[in-house]
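Student: Mind having a look at this structure? Questions to follow.
Where a number appears in this text, it was derived from the coordinates with a stated rule and is not lab data. Note that this is a predicted model, so its numbers are computed, not measured. Please note: Cβ atoms are built from the backbone with ideal geometry, for glycine as well, and neighbour counts cover all protein chains shown.
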Amino acid sequence: MKLIVCVKQVPDTTQVKIDPETNTLIREGVPSILNPFDQFALEEAIKIKQENDEIIVISMGPPQAKKALLKCLALGADSAILLTDRIFAGADTFATSYTLAQAIKKLGEFGIIFCGLQAIDGDTAQVGPEIAGILNIPQITYLESIEDVSGKKLVARVQTDDGYKIVEARLPLLITGITTSSFEPTNPPMMSIMKANKKPFFTWDANELGGDKDKYGLNGSLTQVIKIYSPPTKEKGVIINDPPEAAVNKLMDLLSKDKVI
Amino acid sequence: MDEDKCTGCGICEQACPFGAIKIVEKIAIMGDECTLCGACVQVCNTGAISIQRKKVDNVDFSQFRDIWIVAEIKNNKIRNVSFELLGKAIELADELKQDPCVILIGNNVKKFIKEFSNRGAKKIYVAEHESLKDYYTETYSSIIIGLISRYRPNIVLYPATISGRDLAPRVASILELGLTADCTELSIRDGLLLQTRPAFGGNIMADIISPNTRPQMATVRPNVMEAASIKENDGTEIIETNVKINLKGLKLKIKEIISGTIDENEIPVDEADFIVSGGRGVGCQENFKILEDLARVLKGAVGASRASVDLGWIPKSQQVGQSGKTVSPKIYIACGISGTIQHLVGMKSSDIIIAINKDPEAPIFNVANYGIVGDLCEVVPLLTEAFKKKISKK
Amino acid sequence: MSLKFTEEQEMIRESVREFAQSKIAPIALEMDEKKEIPQDVIKGMAELGLLGCTAGEAYGGPGLSAVSAGVIAEELAKADCTGSTCVYYLVPASWGFLLNKYGTEEAKKEVFPKLLSGEHFLGIATTESDAGSDVGATKTTIKKDGDNFVVNGEKMYISGVREAVTYGGGHVTIAHQSKELGTRGMTVFYLPLTDEGITPTYIPDLGREGISCGGFTIDNVKIPKHYILGEENKGFYIIHEGYEYARALIAVICAAAGLKSLENGIAYIKERKSFGKPLAAYQGINFKLAEHYTKLSMLRDLGYQALLSIDLEQEGKATRFETSKKVAMAKMFCSEWACDAINDVMQWQGAFGYSRECQDQAAWRAVRSFSLAEGTKEVMKMIVARELLGNKQY
């Protein structure tokens, strides 16, 4: 069966810093990477893949997103599709989900769609469930592990606020919220990198995708960002370097003085 | 880009969060990285930049009225976040001169009506049925979709809890509505809901609106808004919905629920006023007792970074961070936590942050109000003693 | 021609960098102290496909191009200030290339799998006590004996003797088959070091102590004819291709090691104050920084151009002579320029730069070897002069 993994190329937000003088984002030299949560999703798909299964990775993005897809191919995906077109730009989560859903529809029958928890730039965690809603398939969010899967059903362990639950769902379905992977390693070896370039790679634009053009990109976005700004900076705190007893005494004094306690 | 108006001043280049603008020969050029976020449009002094959005016919949204919140019931209690959402809804409703309302879905939930009407809910939509005992995407979303379609709210707020984050986007995609996640601020501007949220791992803030769809929907994390307080209320309308759901027909079924990895008497980490949190620096599972002792004295909860959860020292339900819970307690004490962005995102908004770490370069010290460079195994027990003394003195 | 890497090479770089920074960089100095590369690092390098990366796909190898091999070398050099893993990598890469091109199918099928798995080492052993740059002065002999060959002689100042003797593997080497023909009577062959006729000795090196240096006597060691590379008596002509591969990689390694040291230096001179100013403010220091950076950047380009020439030569798009010249140009000053830069970085750091805790002193000791390893800088000058003057002696 087809296992579809939705991935996104994102700036490495862990390396993003704020310029203390201008209070704006410093984005020089911030590398673009495969969204780490999407990599976990891909690794989950690889874990459950059987002989006759095919892992297809899809991404909506600018042409340079090809790099992220190539990495997925090197990690073990079988084929990749890049959805790229000026029309797709400026998409909010709904327009993104619509675009990805269109591509998935075009692929025909599938078994499972895997999505990462969230993109580390957008941080919304909405695209997965929105794709499931558009395609009208069951969704499993906050997946902890897949316990069992056959051609028709899937049994999964899902996180809850204070424990977990076991759910059973009919295929086709969508899984998201994968937050870790027990899979290692994550550095593709040379052989896999060499093989990646030889795997099928497709680039689709809006025409190839069909669908309702008004639902793509900026025009299809139901939310609009009207302003972006840096969060207020915090005053630097007090760091105490004394040996433990003295340090604790100092801290308690400060907390008292500052009326924290 | 109107090249005639562009002076090449470069303000837009500075403002772009994606590095998409370059000034070439005194004209701003937009590159492929442009996401049409509009940050440049705001800062341009000459109005040289504009974003062409599809023109929307003036649809009459005036029939969409009231601010709804989706209540969350857990373990037969109303989760605190429901009151926080209600508090915000009342504020928004006041400004729009509309009503704050509550959606109450579940089994045996009518008994909770009073707690919401006591806190100012003007209407409560109740869907009570045995089949709604447990949260299922299919059942809860159908009910909400039905209610929205019938009663046309202006705004719907959901808690950004595990169920909320499963439910809200599902509803949004089926009804094709704008949805904004994890809002830290909500207000009314020009009659629209102004939604403010962090992005880029908390490195930037974005103001968002959903001008062309109703209802406008947003999710809000627990511990962010102020809870509605008990007040006098001159009448709450109760609207009951008939529910006809057959669980047998569901495509996804719950086979087993295992809860109680937290003690019933323990305060859940995302509802505690004081949190003592442990990371890789704690060293081993046994050492978490040191943190538990302090938490007990403070009458708070024990939290964890992802590192200590992955190492199996503490259950995932205590995890604070991007893939865990977001907390904003009065005091957050981070012990042996380096302070990666993924963790900070979950606790940055705490009132006071105290960090204890052996490594003076640990990034956690950059967000801490107070920090002690030292071994937590030595420092924390002393801290526990000090707090014990302080509290007994009172 | 500008230096542009393919998407594939970018992925290779990322993969190797992640591995090298997390597994090698933290323990680099230890490798000099303990005089060995930890087995799990070797295993990690093998799992990534770095050892034997030039082995063809038919033998289970990735069959990387020379430029790709250079990318790997560069990333290893950035992470390993002692250079041990760089040597452990570049020698099998270069001589694997020669084996892949001129070895028999039988030999390749025997040698490559063990190399790729990280079990065996593949080295180069042409130097003798009395024959270094003058390869023709080799005293070791090889004589036909039915379907086998018998080898007698000795080799000295060879890298990886201990590794091959202990774990298995061997070295590509050269000997006189028909002494009366001079350099036209030399044969290149693979010599396993596990034979009883091999008696090793070990020599302590100034640097890159994680990989051993030593020699061995060869007493009537019999090897099968399928271990011969290329044609009998024609060895002198093909061995230079192996040297050149190694020399080009060395140039890239020197540039990377030098630039990495400069990075360390920049961090230091920005922080350290003397007489009220940071060291970086003094032109005596920052002019040197600029000079070294310029030279090392040029060296990096030269190194990659040489590697590119090797690749083009395999496709018939460059001649043997073009490659020889470019390689010699790249290697001519590589050690000098890198050592000069690292020496200054050590000086900027004063007493710390002289202590064993400083990374740069290890880098200097490693890079110093490259003015002689795989070809002295003097021979590089001979080669370029010859190319320009048209005095071809071979």
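Student: For residue C:273, list the aspartates and glutamates whose Cα falls under 18 Å from its own Cα; do not include residues on the same chain fewer than 8 positions away.
Tutor: C:263, C:344
Student: Does segment C:308-379 classify as rounded, prolate or oblate by the C-alpha gyration tensor (a ≥ b ≥ c root eigenvalues; a/c under 1.5 gives rounded; else a/b over b/c gives prolate, otherwise oblate)? Kindly include the intermediate steps, with their values, before the conclusion.
Tutor: On the way: a/c = 3.69, a/b = 3.14, b/c = 1.18.
Prolate is the answer for segment C:308-379, as a/c is 1.5 or above and a/b outweighs b/c.
Student: Mind checking B:178-184 for the average number of partner chain beta-carbons within 10 Å of each residue's beta-carbon?
Tutor: Values: counts 7, 9, 7, 8, 5, 0, 1.
What the average comes to for B:178-184 is 5.
Student: Taking every DSSP beta bridge that has both residues in segment B:67-244, what percent is antiparallel when rounded to the nearest 5? Please list the in-between numbers first.
Tutor: Details: 12 of 37 bridges.
If I count the DSSP bridges inside segment B:67-244, around 30 percent turn out antiparallel.
Student: Could you please rank B:314, B:29, placing first whichever residue has the fewest other Cβ atoms within 10 Å of its Cβ?
Tutor: B:29, B:314
Student: So, in segment B:67-244, how many Lys pairs have Cα atoms under 18 Å apart, if the pair is 8 or more places apart or on different chains?
Tutor: The result is 27.
Student: Enter the Cα centre distance for the pair segment C:347-370 and segment A:38-95, rounded to the nearest angstrom.
Tutor: 45
Student: Using the structure shown, list the pairs from C:23/C:78; C:4/C:270; A:153/B:253; C:101/C:234 with a Cα-Cα distance above 20 Å, or answer none. Could you put the intermediate results ahead of the total?
Tutor: Details: C:23/C:78 13 Å; C:4/C:270 32 Å; A:153/B:253 11 Å; C:101/C:234 14 Å.
Distance filter (> 20 Å) returns C:4/C:270.
Student: When the Karplus curve 6.51 cos²θ - 1.76 cosθ + 1.60 is applied with θ = phi - 60°, which whole-Hz ³J(HN,Hα) does each residue of segment C:242-254 get, with x for Gly and Pro?
Tutor: Working through the residues one at a time gives x, 4, 5, 4, 5, 4, 5, 5, 4, 4, 5, 5, 4 Hz.
Student: When a/c reaches 1.5 or more, the comparison of a/b and b/c decides; with that in mind, is segment A:2-223 rounded, prolate or oblate per its Cα gyration tensor? Can you show the working numbers first?
Tutor: On the way: a/c = 1.29, a/b = 1.22, b/c = 1.05.
Since a/c stays below 1.5, the shape of segment A:2-223 is classed as rounded.
Student: Now, a different point. For residue C:226, what is the net charge nearby, where nearby means another residue's Cβ is under 11 Å from its Cβ and Lys, Arg count +1, Asp, Glu -1?
Tutor: Values: positive: C:108, C:109, C:225; negative: C:105, C:106, C:110, C:147.
Overall, the nearby charge balance is -1.
Student: Suppose we keep just the DSSP beta bridges with both residues in chain B; what percent of those would be antiparallel, to 5?
Tutor: Details: 16 of 61 bridges.
If we restrict to bridges inside chain B, about 25 percent are antiparallel.
Student: When the distances between all Cα atoms of segment B:241-323 are binned every 10 Å from zero, what whole-number percent does each bin get?
Tutor: P(r) for segment B:241-323, in whole percents per bin: 17, 39, 20, 14, 10, 1.
Student: Report the Stokes-Einstein translational diffusion coefficient (µm² s⁻¹, integer) for segment B:67-244, Rh taken as the Kirkwood radius over Cα pairs, at 25 °C with viscosity 0.890 mPa s. Each step should come with its number before you reach the end.
Tutor: Details: Rh = 16.1 Å.
Rounded to a whole number, D works out at 152 µm²/s.
Student: Quick one: compute a quarter of the convex hull surface over the Cα atoms of chain B and quote it in nm².
Tutor: Numbers: hull surface 98.0 nm².
Over every viewing direction, the Cα hull of chain B projects on average to 24.5 nm².
Student: Could you work out [θ]222 nm for chain C from helices alone, using -39500 (n - 2.57) per DSSP H run of at least four and dividing by all its residues? Round to the nearest 500 deg cm²/dmol. Before the final figure, lay out the partial values.
Tutor: On the way: 14 runs with 206 residues, N = 394.
Computed ellipticity for chain C at 222 nm equals -17000 deg cm²/dmol.
Student: What is the mean number of Cβ atoms from other protein chains located within 10 Å of the Cβ atom of each residue in peptide A:252-259, rounded to a whole number?
Tutor: Details: counts 6, 0, 3, 8, 1, 0, 3, 0.
For this peptide, the per-residue mean of nearby foreign Cβ atoms is 3.
Student: Something else now. Just to be sure I understand: with springs between alpha-carbon atoms less than 10 Å apart, which residue in A:202, A:37, A:94 has the highest mean-square fluctuation in the Gaussian network model of chain A?
Tutor: A:202
Student: What is the extension gain from residue A:253 to residue A:195, computed as 0.36 nm multiplied by their sequence separation minus the C-alpha to C-alpha distance, in nm to one decimal?
Tutor: Details: separation 58, 0.36 × 58 = 20.88 nm, distance 6.29 nm.
Full extension from residue A:253 to residue A:195 adds 14.6 nm.
Student: What Kirkwood radius, in Å to one decimal, follows from the Cα pairs of segment C:7-121?
Tutor: 14.1
Student: Further question: Take each of the peptides B:198-206, A:149-157, C:241-249, average the number of other beta-carbon atoms within 10 Å over its residues, and list them starting from the highest.
Tutor: C:241-249, B:198-206, A:149-157
Student: Rounded to two decimal places and with Rh computed the Kirkwood way over Cα pairs, what is Rg over Rh for segment B:269-393? Before the final figure, lay out each step's value.
Tutor: Details: Rg = 12.8 Å, Rh = 13.8 Å.
Expressed as Rg/Rh, it is 0.92.
Student: Computed on alpha carbon atoms, what radius of gyration and Dmax characterise segment B:66-171, expressed in Å?
Tutor: Values for segment B:66-171 (Cα only, Rg and Dmax): 12.6, 37 Å.
Student: Okay, moving on. About its Cα centre, how strong a charge dipole does segment B:67-244 have in debye, to the nearest 20, once Lys and Arg get +1 and Asp and Glu get -1 at the Cβ?
Tutor: Details: 22 positive and 22 negative charges, 65 e Å.
My answer is approximately 320 debye.
Student: Still on this model: Looking at the protein assembly as shown from every direction and averaging, what is the projected area of its Cα convex hull in nm²?
Tutor: On the way: hull surface 194.9 nm².
Averaged projected hull area, Cα only: 48.7 nm².
Student: Given the options B:352, B:208, B:230, state which has the largest fluctuation in a GNM of chain B using a 10 Å cut-off (strictly under) for Cα springs.
Tutor: In this elastic network of chain B, the residue with the biggest mean-square fluctuation among B:352, B:208, B:230 is B:230.
Student: Where a Cα-Cα gap under 16 Å defines reach, which lysines qualify for residue A:47, not counting those fewer than 8 residues away within the same chain?
Tutor: A:2
Student: Treating only the Cβ of Lys, Arg, Asp and Glu as charged (+1, +1, -1, -1), what charge dipole size does chain B show about its Cα centre? Round to the nearest 20 debye.
Tutor: Details: 48 positive and 49 negative charges, 191 e Å.
The dipole of chain B has a size of about 920 debye.
Student: Further, regarding this structure: Is there a simple number for the mean count of other chain Cβ atoms within 10 Å of the Cβ of residues in A:163-171, and what is it? Mind dumping the intermediate values first?
Tutor: Numbers: counts 9, 8, 8, 6, 7, 6, 5, 4, 1.
Mean partner-chain Cβ count within 10 Å for A:163-171: 6.
Student: Give me the Kirkwood hydrodynamic radius of chain C, using the inverse of the mean 1/r over all pairs of distinct Cα atoms, in Å to one decimal.
Tutor: 21.3
Student: Straight-line reach from residue A:152: which aspartates and glutamates have a Cα under 13 Å away, not including same-chain ones fewer than 8 places off?
Tutor: Cross-link targets: A:109, A:168.
Student: Rounded to whole Hz and in sequence order, give me ³J(HN,Hα) for segment C:101-115 from the Karplus expression 6.51 cos²θ - 1.76 cosθ + 1.60, θ = phi - 60°, writing x for Gly and Pro.
Tutor: The phi angles translate into 7, 10, x, 7, 4, 4, 5, 4, 5, 7, 7, 4, x, 6, 5 Hz.
Student: Now a separate question. Please give the calculated 222 nm ellipticity per residue for chain B, where each DSSP H segment of at least 4 residues contributes -39500 (n - 2.57) and the sum is spread over every residue; nearest 500 deg cm²/dmol? Walk me through the intermediate numbers first.
Tutor: Working: 10 runs with 102 residues, N = 394.
The per-residue figure over chain B is -7500 deg cm²/dmol.
Student: Only Lys, Arg, Asp and Glu count, each charged at its Cβ (+1, +1, -1, -1), so figure out the dipole size of the protein assembly as shown about its Cα centre, rounded to 20 debye. Walk me through the numbers on the way to the answer.
Tutor: Working: 120 positive and 134 negative charges, 212 e Å.
So the magnitude is around 1020 debye.
Student: Going by amide H atoms built from the backbone, whose H comes under 5 Å of the H on residue B:74, apart from near neighbours?
Tutor: Correct list: B:79.
Student: Using DSSP, restrict attention to beta bridges with both residues in chain A and report what percent are antiparallel, rounded to the nearest 5. Can you show the working numbers first?
Tutor: Values: 18 of 42 bridges.
Of all bridge pairs located within chain A, approximately 45 percent are antiparallel.
Student: Would you mind classifying segment C:103-153 by shape? Square roots of the alpha carbon gyration tensor eigenvalues, ordered a ≥ b ≥ c; an a/c under 1.5 is rounded, otherwise it is prolate if a/b is larger than b/c and oblate if not.
Tutor: Details: a/c = 3.00, a/b = 1.43, b/c = 2.10.
Because a/c hits 1.5 or more and a/b fails to exceed b/c, segment C:103-153 counts as oblate.
Student: Do any cysteines in chain C lack another Cys Cβ under 4.7 Å, and if so which?
Tutor: C:53, C:81, C:86, C:213, C:339, C:358
Student: What are the extents of the Cα atoms of segment A:175-258 along their three principal axes, listed from largest to smallest and rounded to whole Å?
Tutor: Taking the Cα atoms of segment A:175-258, the three principal extents are 68, 45, 23 Å.
Student: Would you mind calculating the relative contact order of segment C:235-389 from Cα pairs under 8 angstrom and at least 6 residues apart, reporting the percent as a whole number?
Tutor: It comes to 30 percent, rounded to a whole number.
Student: So, one more: For segment C:123-229, what is the convex hull volume of its Cα atoms per residue in Å³? If you can, show how the numbers build up before the last one.
Tutor: Numbers: hull volume 10.1 nm³, N = 107.
Given the Cα convex hull of segment C:123-229, per-residue volume reads 94 Å³.
Student: If you plug each phi of segment C:16-31 into the Karplus form 6.51 cos²θ - 1.76 cosθ + 1.60 with θ = phi - 60°, what whole-Hz ³J(HN,Hα) values come out, in order, with x for Gly and Pro?
Tutor: Result, rounded to whole Hz: 5, 4, 4, 5, 5, 5, 8, 9, 9, 3, x, 10, 4, 4, 4, 5.
Student: Order A:39-48, C:29-38, B:240-249 from most to least packed using the mean count of other Cβ atoms within 10 Å.
Tutor: Details: A:39-48: 21.6, C:29-38: 17.5, B:240-249: 11.4.
Going by the mean number of other Cβ atoms within 10 Å, highest first, we get A:39-48, C:29-38, B:240-249.
Student: Let me ask another. Skipping prolines and chain starts, which residues have an amide H placed within reach, meaning under 5 Å, of the one on residue C:52, given they are 5 or more residues away or on another chain?
Tutor: Hits under the 5 Å cutoff: C:93.
Student: Using just the helices of chain A, give the 222 nm mean residue ellipticity in deg cm²/dmol: DSSP H runs with n ≥ 4 each add -39,500 (n - 2.57), and the total is spread over all residues, rounded to 500. Intermediate results must be reported in sequence, preceding the final value.
Tutor: Numbers: 8 runs with 75 residues, N = 261.
Counting only the DSSP helices, I get -8000 deg cm²/dmol.
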